[in-house]
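Contents: one structure, followed by commentary.
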Amino acid sequence: MTSPNKPHRHISRKTSYGRYQDCVAPENCNPKAHHGETKTSVCRCGATRIMNSKGSHFERTGWIETMAAGGHE
Ligand SMILES: [Zn+2]
Ligand SMILES: [Zn+2]
């Protein structure tokens, strides 16, 4: 059972990799992490976290809690 109202510590349950598309962390940007690969982690609650990485450089979002995980482009 999922309990959206009960906070928990998000854990990456599913991870997918793709090509770099855009800066994911405008407020915490690391331009050296751009144009590498993008890793998307998904928690069992549907929250996602996106990380751009290139070599040893990375930038990432915090966990983004969304109701429509995967349903929006
Ligand atoms: Zn979660
Ligand atoms: Zn950036």
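Nothing in this text is a laboratory measurement; each read-out follows from the coordinates by a stated rule. These numbers come from a predicted model, not from an experiment. Neighbour counts are summed over all protein chains in view; Cβ atoms, including those assigned to glycine, are modelled from backbone coordinates with ideal geometry.
Listed values for segment 17-22 are Karplus-derived 3J(HN,Hα) couplings in whole Hz (6.51 cos²θ - 1.76 cosθ + 1.60, θ = phi - 60°), namely 10, x, 7, 4, 10, 7, and x replaces Gly and Pro. Packing around the peptides 38-46, 23-31, 50-58, taken as the average count of other Cβ atoms within 10 Å per residue, puts them in this order, highest first: 38-46, 50-58, 23-31.
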